[in-house]
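Structure, as structure tokens:
The values are calculated or read from the model by the stated rules, or taken from the named source; none is laboratory data. Keep in mind the model is a prediction, meaning the values are calculated, not measured. Ideal geometry is used to build each Cβ from the backbone, glycine not excepted, and the neighbour counts take in all protein chains shown.
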Amino acid sequence: MRSGKFDPWTLAFFALVIAITGGGVAHAENNAVSGFYGKAEYEQAYREMTGGNAVDGVIRLIELVRTVPGDDVNYADSLVGPAQLLGFGVASLLDWPERTRLLLEVLKPDEEPADKLLIAGMQAGSGIQAMAFPARAALEELSKSDHQAVRATALYLLGEPYYYSGAYTQNPAIAELVMSYPQLEFTRCIIEMPVYYTLDKASKGATENTNLLQDVLYWGGRKDKVLAASPGLARAAATLPSMNYADITDATVGGWADSLADETDPRTRYTVVSILAKTCTSPERRALARAGLQDLAKQSPATPDVMRARLLLAEHARADYDTDTVGAQVRALLNLGVLPCTAERSMYESVMQAAQHAARYYLRLGLHDMAAGMHEVLAAKFPDTALSAEELAKADTIRADGLGASMEQIRKEVEAPLSRGDFDRVRDIYNAILKHSPNPAVKAGVTVELAKLKTREDRAKEGVWPAQRGL
């Protein structure tokens with residue numbers, strides 16, 4: 001769960017978090033509703049969650065979301081922050097007894113439309129067909145609600161590819177969402193998400209000749225309409241007119257990064273940075289993108305595009321073994337207070353994961369004090385929570401047996417490629433550690449594992465499974 005893999009309950013809360021808010025950032029110049037709805041309650045909930053009272057903070061946010069007026073869907077945009085913090089609190093800060101209390105004592109689906117929507121979202125996101133299909137009927141009912149936020153949310157859940165991909169309700173829900181609520185950020189999000197997904201598949205070698213808009217066009221859209229609905233995709237298409245993955249070059253990536261300096265719309269910049277996150281797959285491309293991302297990351301205030309750039313720079317620093325930058329970037333992120341928001345991802349979740357990734361990075365290289373310290377800093381951010389207990393336990397394990405913890409982390413990282421027989425990938429991991437680790441004991445342990453790998457590879461060539469030889 002801490003690594004981003006969620007159980008049905010967590011998935012349900014994130015479904016509500018993303019959807020009921022209308023997603024995205026509240027832009028005063030474009031929003032029919034002035035001000036920030038529930039700002040004081042949001043900030044109080046954050047203080048509770050970072051002050052040892054996570055349950056109270058979560059309940060406060062549930063009650064806040066219930067109060068969103070039903071006559072104007074634009075109120076939803078100002079609730080994206082509270083709702084995102086709500087999802088993070090349930091997913092990462094509460095334990096099972098606390099979640100059970102929410103389900104049995106706090107949620108009132110027969111009285112509160114938002115709660116009914118939450119339960120339907122839980123069933124839709126369960127991954128269990130027997131739960132998901134009955135939920136579709138509830139969502140269809142809610143999609144006709146007089147409450148505008150609830151109605152838009154239900155349409156989103158019906159159209160979201162993860163839940164009901166290929167279902168007869170998907171395309172009509174998307175069409176109504178786009179036509180009825182074109183101004184909402186999560187309408188734009190539902191157009192852009194398939195592009196990110198297509199980039200993921202293509203970057204993993206699923207296909208070479210891929211139109212990045214293929215899934216959106218399959219829904220019945222036209223390229224010009226799609227680009228009109230997403231200024232960020234339009235900006236990407238200005239550099240890559242074909243919008244075909246096969247045509248992406250280092251120069252394309254550099255062009256996208258350079259375009260950030262000229263763009264004034266944070267939403268457009270966010271889309272471009274998200275595309276860079278999927279395409280900076282080599283040291284050369286990361287170098288080309290670095291200046292543009294660094295300039296954006298320095299901007300204030302920290303809008304979602306700025307946050308996305310900071311997170312991506314931390315990710316790139318790990319990939320390029322820039323240890324000093326990893327620590328500086330992640331600690332700066334952890335020092336932030338209430339975070340900006342986006343429908344595409346949870347910023348609270350992303351910052352937590354950045355710290356956890358950094359700790360694993362340090363551990364892999366045998367930097368034990370830095371690894372334990374990162375776990376402890378994250379724990380201190382959210383005291384007296386399930387997350388804090390888990391992070392402190394990891395720190396204690398590292399301080400008790402750093403070498404053992406490092407070798408166990410390395411074993412986990414090579415487990416999947418080793419099971420596939422991808423010996424080249426395993427060798428690359430080992431060699432990177434030998435090149436960048438300053439810890440002699442870790443390097444010695446990896447040298448032993450590298451010798452074992454050669455034996456495994458030889459046995460595999462002979463047609464003998466490693467397990468048969470006790471390797």
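So the values come out like this:
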quantity: The listed residue being within 26 Å of residue 320 (Cα to Cα) and over 24 Å from the mean Cα position of the chain (by Cα), out of 393, 405, 371; calculated: 405
quantity: Residue satisfying all of: in the range 269-288; over 22 Å from residue 193 (Cα atoms) and part of a helix (DSSP H, G or I); nearest to the chain's Cα centre (by Cα) among these; calculated: 286
quantity: Candidate set: the range 155-209, residues that are within 23 Å of residue 81 (Cβ to Cβ) and touching a Lys or Arg at 6+ places or on another chain (Cβ under 8 Å); chosen: the one modelled with the highest pLDDT; calculated: 196
quantity: Leading residue by the ranking (surrounded by the fewest Cβ atoms within 10 Å (Cβ to Cβ)) among those in the range 416-434 that are farther than 14 Å from residue 362 by Cα and touching a residue at least 24 places away in the same chain (Cβ under 8 Å); calculated: 421
quantity: Residue match in the range 34-52 (condition: at pLDDT below 85, under 25 Å from residue 301 (Cβ atoms) and buried (at least 24 other Cβ atoms within 10 Å of the Cβ)); calculated: no
quantity: Any hit, the range 340-347, residues being on the phi < 0 side of the Ramachandran plot, part of a helix (DSSP H, G or I), buried (at least 24 other Cβ atoms within 10 Å of the Cβ) and of a type in the set (Gly, Ala, Ser); calculated: no
quantity: Some residue of the range 112-134 being without any contact (Cβ under 8 Å) to a residue 12 or more places away in the chain, within 30 Å of residue 351 (Cα to Cα) and of a type outside the set (A, V, I, L, M); calculated: no
quantity: Within the range 44-61, tally of residues that are outside any helix (DSSP H, G or I) and within 22 Å of the chain's Cα centre (by Cα); calculated: 1
quantity: Filter result (aromatic (Phe, Trp, Tyr), at pLDDT below 95 and either assigned to a helix (DSSP H, G or I) or in contact with an Asp or Glu (Cβ under 9 Å, 6 or more places away or on another chain) (or both)) within the range 218-268; calculated: 218, 245
quantity: Test: residue in the range 440-447 that is part of a helix (DSSP H, G or I), of a type in the set (Lys, Arg) and under 30 Å from residue 98 (Cα atoms); calculated: no
